[in-house]
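Notes follow the structure.
The values are calculated or read from the model by the stated rules, or taken from the named source; none is laboratory data. Here the structure is a predicted model, which is why all the values come from computation and not from measurement. In this analysis, Cβ positions are derived from the backbone assuming ideal geometry, glycine residues included, and neighbour counts consider all displayed protein chains.
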Amino acid sequence: MGSQRHQLKLSQLQMLIAVANCGSFSEAALQLQMSQSAISHAISTLEEDLGVSLFSRGRYGAILTPVGEQVVDRARQIFYLIDDIQKQADLSKGLRGGQVRISAFRSAATHILPEAIAEFCRCYPAVAVRIAEYDDRDDVEDDLREGRADIGITYLPTGEEFETWELMRDEFVVLLPPEFRSSGKLSWDELSNFALIMAPDGDGCDAMVYAHGAKYGATLNPTYQVRSDSTIVSMVAKGLGAAISPRLAAEPIPAGVQVYSLPVPLFRTISIAILKKSLLTPPAFALLDLLKSKALMGIY
């Protein structure tokens with residue numbers, strides 16, 4: 001039978017990391033508020049247990065050997081994992097109740113949030129979720145600024161006071177009546193022949209559309225101004241005109257309504273937003289992490 005391995009002690013690994021960081025036994029002793037002889041003895045015992053030299057000792061201090069560098073790297077990983085275990089435990093303790101508050105513009109609340117909220121509630125059934133939905137992003141960002149929401153779903157650009165993570169890109173589409181027929185790609189001239197159904201003045205998405213059209217010499221003047229996305233889509237379905245809308249806001253698109261890209265495609269970037277340096281509650285942090293992970297996986 002081989003010789004029994006000695007069990008490594010966390011205190012030995014802590015001292016190993018300290019010596020590696022400081023480059024000397026004396027500096028590590030000062031940092032850890034221990035005697036130099038105690039540090040030296042612990043490292044010597046560790047080297048004896050492992051059967052390798054971890055440091056080259058000389059007039060210039062303690063220099064890690066190649067195997068010493070590998071051992072220190074793994075020791076750092078161990079302490080990182082220990083810290084992560086504690087963080088997860090603390091997070092779990094904070095998720096036995098409480099609430100998380102989300103503000104979102106309406107189409108995001110309808111089409112993006114339900115799946116994420118369902119998964120969140122399966123994991124943390126004791127946490128209450130409150131969703132405030134608005135016609136546009138201005139109210140969402142006001143909720144974040146004034147502390148009425150922990151997390152916002154908005155679209156870029158946002159103010160400098162926010163930290164954001166991209167969720168998805170949503171294309172602006174042209175919705176045309178069922179009787180419309182085109183030989184191919186829609187032109188600005190064809191679009192100008194229709195009565196345009198848009199949101200009232202001040203809508204953030206429409207402002208992006210008007211600026212985009214102006215960039216390519218197209219002046220877009222609405223004939224009808226309607227607040228509700230579903231009403232706009234229904235008016236197009238009845239042949240009253242055309243609309244330019246983010247696809248997410250237009251869903252579900254009725255059968256027969258013709259859907260085209262703009263002559264030069266345009267997208268809005270839908271993002272998660274929080275106030276920079278905000279101290280999130282454990283439930284809010286957990287939901288933010290879930291939304292970010294789904295965005296990274298390209299689920300939206």
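Listed here are the residues, each with its yes/no results for (1) surrounded by fewer than 19 Cβ atoms within 10 Å (Cβ to Cβ); (2) not assigned by TED's automatic domain parsing to the domain that holds CYS205.
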{"residue": "ARG76", "(1), (2)": "yes, yes"}
{"residue": "ARG137", "(1), (2)": "no, yes"}
{"residue": "GLU141", "(1), (2)": "no, yes"}
{"residue": "LEU176", "(1), (2)": "no, no"}
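Note on segment 32-124: enclosed strands (runs of 3 or more DSSP E) holding 3 or more residues that are over 17 Å from ALA18 (Cα atoms) are 99-105. Scanning segment 14-28 for residues that are within 23 Å of ILE82 (Cα to Cα) and surrounded by 14 or more Cβ atoms within 10 Å (Cβ to Cβ) turns up GLN14, MET15, LEU16, ILE17, ALA18, VAL19, ALA20, CYS22, ALA28.
SER182 satisfies every condition listed in (1) in contact (Cβ under 8 Å) with a residue 60 or more places away in the chain; (2) of a type outside the set (Asp, Glu); (3) farther than 26 Å from ASN221 by Cβ except (3).
Listed here are the residues, each with its yes/no results for (1) in the same structural domain as PHE105 (by TED's automatic domain parsing); (2) on the phi > 0 side of the Ramachandran plot; (3) buried (at least 20 other Cβ atoms within 10 Å of the Cβ); (4) in contact (Cβ under 8 Å) with a residue 12 or more places away in the chain.
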position	(1), (2), (3), (4)
GLY152	yes, no, yes, yes
THR164	yes, no, no, yes
HIS212	no, no, no, yes
TYR216	no, no, no, yes
GLY239	no, yes, no, yes
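Contact annotation: residue pairs with Cβ atoms under 9 Å, 6 or more positions apart or on different chains, pairing a residue in segment 250-261 that is on the phi > 0 side of the Ramachandran plot with a partner that is small (Gly, Ala, Ser) and surrounded by fewer than 18 Cβ atoms within 10 Å (Cβ to Cβ), are GLY256/ALA237. Counting only helices (runs of 4 or more DSSP H) that sit completely within segment 179-273, those holding 2 or more residues that are touching a Leu at 6+ places or on another chain (Cβ under 9 Å), under 20 Å from THR154 (Cα atoms) and not hydroxyl-bearing (Ser, Thr, Tyr) correspond to 204-215. For segment 216-246, a residue qualifies if it is among the basic types (Lys, Arg) and within 31 Å of the chain's Cα centre (by Cα), and exactly one does: ARG227.
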